[in-house]
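All of the numbers you see were taken from the coordinates with simple rules; none came from a lab. Computed from a prediction, not measured in an experiment: that's the story for all the values here. Glycine also receives a Cβ, built like all others from the backbone with ideal geometry; neighbour counts cover every protein chain displayed.
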Amino acid sequence: MNKKILTALLLWTAPAAADDAVPRYDVDALCAAAAGTLGNSAFAKSACYEQEQNSYDGLKARWTAVPEEVKTTCQKIAAWTGSGSYIVLGGCVDIELEARSRGTPIFKY
């Protein structure tokens with residue numbers, strides 16, 4: 001009986017955890033395209049993977065604390081590249097959170 005309850009709880013809570021995961025982007029396609037613009041540079045491709053991985057790891061550690069409105073806005077911006085970019089997503093999240101902490105400035109004539 002206890003196994004059934006535990007299984008039911010795990011199945012019930014699993015979708016909620018998955019819904020709040022960092023989005024999955026096609027880093028292979030992104031980095032191949034980036035390297036392709038530089039004559040298929042192995043260095044550019046390697047650097048792209050490293051930077052995307054660092055950005056993804058940073059986002060993964062704090063994603064659940066990011067407000068939903070910021071996630072929605074930044075996911076749209078990050079997907080603009082076609083494949084999606086964790087570098088763009090992370091930068092957007094940083095900028096949006098900083099702007100929220102400063103508040104809206106007052107325009108003066």
- Rounded to 0.05, the calculated FRET efficiency for the beta carbons of ARG24 and SER101 at R₀ = 25 Å is 0.30
- So if R0 is 30 Å, what FRET efficiency would ASN40 and THR72 give, r being the distance between their Cβ atoms, rounded to the nearest 0.05? 0.30
- Message: With +1 assigned to the C-beta of every Lys and Arg and -1 to the C-beta of every Asp and Glu, and no other charges, what is the dipole magnitude of the stretch 24-101 about the Cα centre in debye, to the nearest 20?
- Response: 80 debye
- Query: Of TYR109, TYR86, TYR49, how do they rank once you tally other Cβ atoms within 10 Å and put the fewest first?
  - Reply: TYR109, TYR49, TYR86
- Query: What FRET efficiency do you get for ALA33 and ARG62 if R0 is 30 Å and r is their Cβ-Cβ distance, rounded to the nearest 0.05?
  - Reply: 0.65
- Item | Whole-number D in µm² s⁻¹ for the stretch 24-101, Kirkwood Cα-pair radius fed into Stokes-Einstein, 10 °C, 1.306 mPa s | 123 µm²/s
